[in-house]
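One structure is given here, and the rest of the page talks about it.
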DNA sequence: CCCGATACTGTCCTTTGGTCCAATAGCGGT
DNA sequence: ACCGCTATTGGACCAAAGGACAGTATCGGG
């Protein structure tokens, strides 16, 4: 259920040069600053990691490295020149926030409070563009969406034998979430997640979560 | 960018029936609860408005009404059964949060703190699906996706980075085989299967066998 | 009011999955 | 002969998954 600690939290800055921009330090005077590639052995629970992108290398690569280094910690990316598509890619890779590297200290603190409370930070302008793109893209392609549509309808059929909650966990499993993640997402205990998954296994006649994923994703009949 | 007021804030619940679910009240005992359509004359600055959707009417319509009633206040929508497309529509209509109506009190408070700090609240599961949809739509296939063909060719691309043996085990994993089964199928030790799978994880940047299955089956980019 | 369905949580335990460190062996190219 | 890649295996160790057994709480009927 994600520990929400009150005030100041552990902040870790990671930048290519190993130096932080003045505004970061202004926002978080007590933060730890590291160079990219530095080994991180253990991070306090709920730590927030800020990644200053190195413009000369692909962002996903840098993020992957950082992920390996810091594990499950929440990551916020600071981009010198925010980019729509890049933000998308990074969000799908699991970052919790994406904001302009030139933000004010007040803004940075605001971002921190949102992300540490479990939210996502997306600049409003970016959000608008993102939604616009998504909406038009989705409203378009009525024909191309047929395969997915059929797939999701079939999935709905398969899932219709499940209770509401069971469907939620089943879908989460099918997208690759771990029990712990699902528990966090739904605000319940890992134990309860297991309970739901267990009954889903029975109802859909699945052996394990991978089979369940195949069933939900239409790769295999139940 | 937005006024951040400190602790407890004004919370307004709007539901079709005029009643709040027990968990809402648990989270915000001092909240004001109103029925949809009730006239609201003035709202404290920074108030947070929660809208419980009426399943029998189109959501955008309900939101539009509420917008008229509460003006610029931040709105969080509570959905009984969260829906991808609905969330999209509502976010583009300006809501600041979208979450499951069955969330726990702790979660609701968390959502409140995020939104009141200027963030957006999107359930993680929803975020994932939303991003998946966006990504596939944005990486729009100019050749009007031949459904299966493209998928399998893309899968082949993804697997091309692997050695022959690695491809075999990757495919076996993707069809739901356990390590023991794969070992038997290939006539090698379970230990060796693990070794192959381990290197596949690295090469395809997968976290576990379920992610690997999603990648191989084209449900997720590597 | 009791009952069944749903949701949620706990403990104990076993099996599986995954990583780390380490080693052997064949094969092709320089 | 040496190097790099691939395939193979061992052992130790830890984390995640899943089953067994049990319990509480809410809600909507009959």
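A short reminder: the numbers here are calculations on the coordinates, not readings from a lab. If you're wondering where the values come from, they're calculated on a predicted model, not measured in any experiment. Reconstructed Cβ throughout: ideal geometry from the backbone, glycine too, with neighbour counts over all protein chains shown.
Assuming R0 = 25 Å, can you tell me the calculated FRET efficiency for the pair residue B:25 and residue B:64, based on Cβ-Cβ distance, to the nearest 0.05? Spell out each step's value before the answer.
Working: r = 27 Å, r/R0 = 1.07.
Computed FRET efficiency for residue B:25 and residue B:64: 0.40.
Just rank B:121, A:24, fewest to most, by other beta-carbon atoms within 10 angstrom.
Working: B:121 25, A:24 22.
Result, fewest neighbours first: A:24, B:121.
Taking the Cβ of each residue in B:92, A:17 as the centre, tally the other Cβ atoms inside 10 Å and list the residues starting with the fewest.
Working: B:92 16, A:17 11.
Ascending number of Cβ neighbours within 10 Å: A:17, B:92.
Order by neighbour count: B:104, B:189, fewest other Cβ atoms within 10 Å first, most last.
Numbers: B:104 16, B:189 11.
Result, fewest neighbours first: B:189, B:104.
In nm, give the distance between the simple-model label positions of residue B:55 and residue B:207, each being 7 Å from the Cα along the Cα-to-Cβ direction.
Modelled inter-label distance: 3.1 nm.
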